[in-house]
1. Given a 1.4 angstrom probe, I'd like the percentage of the accessible area of the chain that is carbon and sulfur, rounded to a whole number.
2. Working out 0.36 nm times the residue gap between LYS198 and THR89, then minus their Cα-Cα distance, what length gain in nm do you get to one decimal?
3. Hey, could you grab the Kirkwood Rh for region 1-143? Inverse mean 1/r over distinct alpha carbon pairs, Å, one decimal.
4. Could you tell me which of LEU4, ASN21, PHE43 has its Cα farthest along the dipole of the chain towards the positive end, charges placed at Cβ (Lys, Arg +1; Asp, Glu -1), taken about the Cα centre?
5. May I ask you to give the solvent-accessible area per residue for the chain, in square angstrom, as obtained with a 1.4 angstrom probe?
6. At a probe size of 1.4 Å, how large is the accessible area of VAL152, to the nearest 10 Å²?
7. Quote the FRET efficiency, to the nearest 0.05, computed for GLU75 versus ALA144 with a Förster distance R0 of 30 Å and r equal to the Cβ-Cβ distance.
8. Using only the alpha carbon atoms of region 98-179, find the Kirkwood hydrodynamic radius as the inverse mean reciprocal pair distance, in angstroms to one decimal.
Amino acid sequence: PVGLAFPAKGASAYYGEQAFNVGCELAALTHGHPTGYLAAGRFAALIAFLIYGMGLEEAISKVCEILKRKEGHEELLESIEGIVDLSETVSCDPEMMVELLGEGWVAEEALAISLYCALRFKEDFSAGVLAAINHSGDSDSTGAITGNILGVIHGIKGIPEKWITNLKYVHILREISGDFYECMNGQMDYPDDRWWGKYPGC
């Protein structure tokens, strides 16, 4: 959700870096290794740029520029550099993808697999997500990351209706996401007992 907190400001390098930094800070609460929290920061910034309407390839490039300025970035950068070229030259066989990029059990591999699938199938939400989950590695993580990326690009209309209809508690997810949008776009007034009662501590 960190990337969604910068929806109207994503074109600015400053705000992209803010999304990156906040993503890192939140991830560092549970993931102390630089590659772990830098991957989260990179993902947050990528979502922020995509929300603005930037193309996926350009967004990846811009986030790499931010990443290179962060201490301890080498391992993560090595895993994702050249991912755009790779997506254009290698057909997306999940078994081959795992051989090339790893199984997704660590942050740099999960992000690389997800970026590959999103790039390879950026015009087709379901094909990208299915490619991201049909391997024997950490497929729930790679599927979730890929779904986030392609979801921002295509919106709710790009998701197959049967996936939405069969989703448990979909009405709650819609309500929370709508409230989050209101909050992030300044449509939520504070103090407001209605919001405090709904989300204690907000």
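The values are calculated or read from the model by the stated rules, or taken from the named source; none is laboratory data. Please read these numbers as outputs of a predicted model, since none were measured by experiment. Cβ: placed from backbone, ideal geometry, glycine included. Neighbour counts: every protein chain shown. Surface areas here come from the heavy atoms of the whole protein model, side chains and all, with no ligands, DNA or RNA. Shrake-Rupley method; radii C 1.70, N 1.55, O 1.52, S 1.80 Å.
1. About 55 percent, which is the carbon plus sulfur part of the accessible surface.
2. The LYS198-THR89 span can extend by a further 34.3 nm.
3. Kirkwood radius, region 1-143: 15.0 Å.
4. Value: LEU4.
5. 54 Å²
6. Around 40 Å² of this residue is reachable by solvent.
7. Details: r = 22 Å, r/R0 = 0.72.
Taking R0 as 30 Å, the efficiency between GLU75 and ALA144 is 0.85.
8. Values: mean 1/r = 0.0762 Å⁻¹.
Hydrodynamic radius (Kirkwood, Cα only) of region 98-179 equals 13.1 Å.
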